[in-house]
Each structure stands twice: as structure tokens, then as C-alpha cells.
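Below is one structure; the comments refer to it alone.
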């Protein structure tokens, strides 16, 4: 026995008013190369805010339009106001709207078409948004 | 017949690309357009004995099983070694070359495209294709499309390394750092993710040519960016 516990799998929160999307994403997650990834699902932004406030979420896939809300410009800031500092990705069947270019101003990290999401893309997202971008000499205790 | 103008990676998303994730999507679409399941854009430096797939500005969708224990490739990997001796793209047939990458990737053929920036940084774009080796016409098309997407990657991402001034957002982040705030705290204050704040800090360090947060704040104070 090594005495080391296994690392906790990354936990993705899917926020989408269409429950079918949860089944589709679950299936796609099974095709991801590498360690297991956990998925939780909520159908609206109110429950998403409650869930992130409880902690433990590593990444959020946020559907662009959640009825009765408007688009991500209304919903993503609510997650930030709840203190969530992990990555938020906007997913939508159509990301061609000009307003998608403003995603960073609303606290969003990336956007992606639903048809672009596959095991391969999810692996990249996990690795990209969990990697250390700063060297050890830039750790916060060097302040 | 291939129709490059109709391709996703040269369509509206080409102009809309803003961050590394967007370029991952563009290169993945380019690869997919030529029946390549995997792609790797790797920075190839001067004297290293291996190439790092996770460091710097590299982008790829290779599974970990195709990388070595340190997350990269040996300098002897033929698909990458090609760009060290040639400035022209080349295609390989799996039966003609002994490439661990090609073999373990289960591909029938591969394409290796040398790319370089105007600031003399060299990269290689590798495609692992599930099809017969692309002929010269297709190779020309792949090279051309790769050069277009790579130039856009340079314009949006790579060129930031050589810009010296700080943006308003970067100055905000230096200010909050000088107040002793951590990345997570700055993320909450500015309504961003911690990842985004760290991306800004990494860019500021490169621009100011410093290595840690204390030097970053000192440099910004000295140059009058903050007071």
C-alpha cells in the first residue's frame, strides 16, 4: 500500500434545460481517453448557482439559452457572483451570433458548438483548464 | 472534391477565434477535413533532445498513450524530425516509415507541415490520417490551410509575447496583485475564472520579462503603469 489516495475525478456541471443533453454528454464522457470524469446535471441557472455555492465543481458547461433566461450574458455572471472561479464553457447548437465574441467580458472561458463536443475535445478542455500556467517561482507564497 | 472555402476552420469561426480553445477547434476541424483523427501543433526549438507537447504554445488532441512519460516526443520521431531538415510539407505512408507516433496512433498515413512565425519561432503541424497517403495536390491544400490557421494563431495568440504594453485588464490585475490579492481573489473581484487571471499574469510576466509576481509589481511600479 502506498498510503496515497487516488485523485478525485474532475467534476463537470452541465446546466441545460434539455435533459437529453445530459444523456448525450454522459455518453461522450465515456469515450474520453484517460481518467474518469464525473458529471452532474441541473436544468436551470438557479439550481446551478446553488450547486456551485456548495463547492466541488471543476468545470461548467452552460447552455447558451436557458428558458426563461436570456443568453449567457445574463446567466454566466450569476455563477461568478456566486464565487465560482473555475472555467465556464458556453455550449450551443449555434455559436455564430456576433455577441459570442464578447464571451470573456462575461466571465466565460470558452464557447463551443454542441456538435463539436466529443471525447477528444473534452480531454483537451480538462487538460487546458487544469494545467498550471505559471511556474513555481510565480506561486502565491512568493508574494 | 475538397472545398476549402466551405470548411469550418476557414469560415466565420476563423475570424472569431480569440483563445487557445478556439484554435484547438480550428486545427481539429482542419485535421478532420483531411480524415485525420489526431493533430499536433508542436513548437520545435533548437537544441532540445525532445519536444514538449504540453508546454508553450503547443496544441494537440493526442491521447496520453501517444506521448512519452514526460508528455512529449523524442527528437528522433520521424514526423517531427522532418521539419528540422525541410521547409516543405511531406506525407508519409505507415508502411514506409518507422514512426512510433504513426504506429501507435493506428493511422494509415501522416502529414508533417513545417510552420514558422515572422519572429522566427518554428512549429510542426502533424496530422495522423485514417486514409491513404495524401497526394501532392492535397498536400499543397493542407499546407496552405495550415499556414492560414497558423498565421491567425500567431496574430491572436503568439504575437502577444512580443507586444510590450499592458492592456487595461492586465493593468487591473497588476494593481490587485500589488494589493496582495491572490489569483482566486482577483477572479472573484473581476468576475473571471482563476484560469483567465493566471493567463493574464503569464502574459504580463512575458511582456515585462520578469519571473514572479513580486518582480511583476516592482517592474510595473518602476515604469509608472501603477502607483
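The values are calculated or read from the model by the stated rules, or taken from the named source; none is laboratory data. Predicted model, so just to flag it, every value in this text is computed and none were measured. Glycine gets a Cβ as well: all are built from the backbone with ideal geometry, and neighbour counts include every protein chain shown.
Listing for the model above:
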quantity: Search result, residues across region A:53-78 that are within 14 Å of chain B (Cβ to nearest Cβ) and out of contact with any strand residue (DSSP E or B) (no Cβ under 7 Å at 6 or more places or on another chain); calculated: A:53, A:55, A:73, A:74, A:77, A:78
quantity: Only one of B:128, B:139 that is within 14 Å of another protein chain (Cβ to nearest Cβ), modelled with pLDDT of 90 or more and in contact with a strand residue (DSSP E or B) (Cβ under 6 Å, 6 or more places away or on another chain); calculated: B:128
quantity: Output for region A:31-52, where each listed residue is under 21 Å from residue B:61 (Cβ atoms) and free of Cβ contacts under 8 Å to residues at least 60 places away in the same chain; calculated: A:35, A:36, A:39
quantity: Elements of type strands (runs of 3 or more DSSP E) in region B:10-107, at least 3 residues being under 15 Å from residue B:124 (Cα atoms) and within 14 Å of chain A (Cβ to nearest Cβ); calculated: B:36-43
quantity: Selection count, region A:92-125, where residues are under 17 Å from residue B:16 (Cβ atoms), within 7 Å of another protein chain (Cβ to nearest Cβ), modelled with pLDDT of 90 or more and assigned to a loop (DSSP other than H, G, I, E, B); calculated: 1
quantity: Matching option when the condition is modelled with pLDDT of 95 or more, buried (at least 19 other Cβ atoms within 10 Å of the Cβ) and assigned by TED's automatic domain parsing to the domain that holds residue B:65, among B:147, B:89; calculated: B:89
quantity: Odd one out for residue B:220 among (1) within 12 Å of another protein chain (Cβ to nearest Cβ); (2) surrounded by 20 or more Cβ atoms within 10 Å (Cβ to Cβ); (3) farther than 30 Å from residue B:116 by Cβ; calculated: (1)
